[in-house]
Amino acid sequence: SQPDTGEQALEITDTLVRSNAIDVLVVDSVAALVPRAEIEGEMGDSHVGLQARLMSQSLRKLTGSISRSRCMVIFINQLRMKIGVMYGNPETTTGGNALKFYASVRLDIRRTGAIKDREEVTGNTTRVKVVKNKVAPPFK
């Protein structure tokens with residue numbers, strides 16, 4: 001379904017997980033989960049940390065439901081660039097640190113090139129880096 005707000009989307013997610021009717025649920029994308037206050041507010045209003053707060057509150061609620069239902073929830077997110085970073089990684093993800101903390105597995109998937117059949121692009125070559133893995137022994 002296509003919810004209007006981030007709260008609505010995460011409430012639907014929780015309902016589906018609790019129903020035990022599905023095994024895999026994909027939320028695409030975390031960056032598109034806009035909090036209700038941001039939608040109802042004026043165009044220039046500052047909404048610092050609203051999305052992070054939304055993700056933190058809903059993930060606290062969701063993790064218990066997910067572990068009881070044995071359902072896999074996949075959150076797709078986007079990389080954003082931090083402005084004015086001189087040292088460290090300038091890339092960051094939207095939605096605060098809650099998703100990084102609560103995730104069992106985190107994958108960094110990047111496109112490295114195109115697969116061509118003569119001149120027509122038929123696919124992509126990708127590089128997948130396991131950033132976090134709490135479900136398997138390390139370095140295997």
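Within region 24-36, the residues that satisfy the criterion of being of a type outside the set (A, V, I, L, M, F, W, C) and not in a loop (DSSP other than H, G, I, E, B) are D28, R36.
Among the numbered conditions (1) in contact (Cβ under 8 Å) with a residue 24 or more places away in the chain; (2) part of a loop (DSSP other than H, G, I, E, B); (3) not aromatic (F, W, Y), the only one that L99 does not meet is (2).
Among the residues of region 48-77, which ones are exposed (fewer than 13 other Cβ atoms within 10 Å of the Cβ) and either part of a loop (DSSP other than H, G, I, E, B) or in contact (Cβ under 8 Å) with a residue 60 or more places away in the chain (or both)? Across region 48-77, the qualifying residues are V48, G49, R70. In summary, I39 fulfils each of the numbered conditions (1) touching an Asp or Glu at 6+ places or on another chain (Cβ under 8 Å); (2) not in a helix (DSSP H, G or I) with the single exception of condition (2). Return yes when V34 is of a type in the set (V, I, T), surrounded by 13 or more Cβ atoms within 10 Å (Cβ to Cβ), modelled with pLDDT of 95 or more and under 24 Å from L107 (Cα atoms) and no when it is not. So V34 fails the test.
The values are calculated or read from the model by the stated rules, or taken from the named source; none is laboratory data. Only a predicted model underlies this, so the values are computations on that prediction, with no experimental measurement involved. Neighbour counts are summed over all protein chains in view; Cβ atoms, including those assigned to glycine, are modelled from backbone coordinates with ideal geometry.
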